[in-house]
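Right, one structure below, let's go through it.
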Amino acid sequence: MDQITTLYREAFPHAARAIRRLGGGLETAKDLFHDAIIIYLEKSRSGHLQVDSSPVAYLVGITKILWLKGNRQQGKLETLDYLAHYMSIPEDFYTQPEEAPLLEQLKIAGEKCLQLLQAFYYDNMNMQEIAETFDYSSPHSATVQKYKCLEKVRRSFSKTACHAETFA
């Protein structure tokens, strides 16, 4: 047996089963699988075939994609919008925690910290320039202060994130 026949015998039952699960029939599965084999052969011959698992899985996947694409184009896939009124959640079901605006959370770190972080991240100043601008004794001192400022900001956000996770 040649490679195509072997591949057909191994992959087609899986592809047909997948199409049946998706609501298609045997004839549809045959047509789509033949298209998938053609795609497989064309990509193989052109050198663009990239199979991450097995050729069988590749062919089944291509067959499924072709089925989904065909049904989307024909408009056979239904949306669940008509169920929305059955599944609506009352507006007052979730109570939203009071959240401080982003700027308020950043202000907790302090004005000097904000200026230092802005100088480093937005103004692209190096630590020597920051040390001179903010009157630190050395670039190392400026680095330590930047780290402390970042920790203040992280703590501020982690408190808010912990509070928000209780409602997620």
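The values are calculated or read from the model by the stated rules, or taken from the named source; none is laboratory data. Bear in mind the structure is a predicted one, so any value in this text is a computation, not a measurement. Note that each Cβ is placed from the backbone with ideal geometry, even for glycine, and that neighbours are counted across all protein chains shown.
Would you be able to tell me the number of residues in segment 1-48 that are outside any helix (DSSP H, G or I) and over 14 Å from G61 (Cα atoms)?
Filtering segment 1-48 for residues outside any helix (DSSP H, G or I) gives 1-2, 22-25, 47-48.
Of the ones still in play, those that are also over 14 Å from G61 (Cα atoms) are 1-2, 23-25, 47-48.
Residues in segment 1-48 being outside any helix (DSSP H, G or I) and over 14 Å from G61 (Cα atoms): 7 in total.
All conditions in (1) buried (at least 16 other Cβ atoms within 10 Å of the Cβ); (2) closer than 30 Å to A11 by Cα; (3) modelled with pLDDT under 85 hold for L77, with the sole exception of (1).
Cβ-Cβ below 6 Å, separation at least six or inter-chain, first residue in segment 104-130 and small (G, A, S), second crowded, with 17+ Cβ neighbours inside 10 Å and modelled with pLDDT of 90 or more: which pairs? Between residues of segment 104-130 that are small (G, A, S) and residues that are crowded, with 17+ Cβ neighbours inside 10 Å and modelled with pLDDT of 90 or more, the close pairs are A119/M125; A119/I130.
Filter segment 132-147 down to the residues that are within 32 Å of the chain's Cα centre (by Cα) and touching a residue at least 24 places away in the same chain (Cβ under 8 Å) and list them by number. I'd like the intermediate steps shown before the answer.
The initial filter retains those residues of segment 132-147 that are within 32 Å of the chain's Cα centre (by Cα), namely 146-147.
Within segment 132-147, K146 is the sole residue that qualifies.
Is it true that T63 is part of a helix (DSSP H, G or I), of a type outside the set (A, V, I, L, M, F, W, C) and free of Cβ contacts under 8 Å to residues at least 40 places away in the same chain? When the stated conditions are applied, T63 does not pass them. Might you let me know whether segment 118-127 holds any residue that is surrounded by 11 or more Cβ atoms within 10 Å (Cβ to Cβ), outside any helix (DSSP H, G or I), modelled with pLDDT of 90 or more and polar (S, T, N, Q)? Yes, some residue in segment 118-127 is surrounded by 11 or more Cβ atoms within 10 Å (Cβ to Cβ), outside any helix (DSSP H, G or I), modelled with pLDDT of 90 or more and polar (S, T, N, Q).
Looking at Y136, Y86, which one is modelled with pLDDT under 65 and either in a helix (DSSP H, G or I) or hydroxyl-bearing (S, T, Y) (or both)?
Working: Y136 fails: modelled with pLDDT under 65.
Only one candidate passes the filter, namely Y86.
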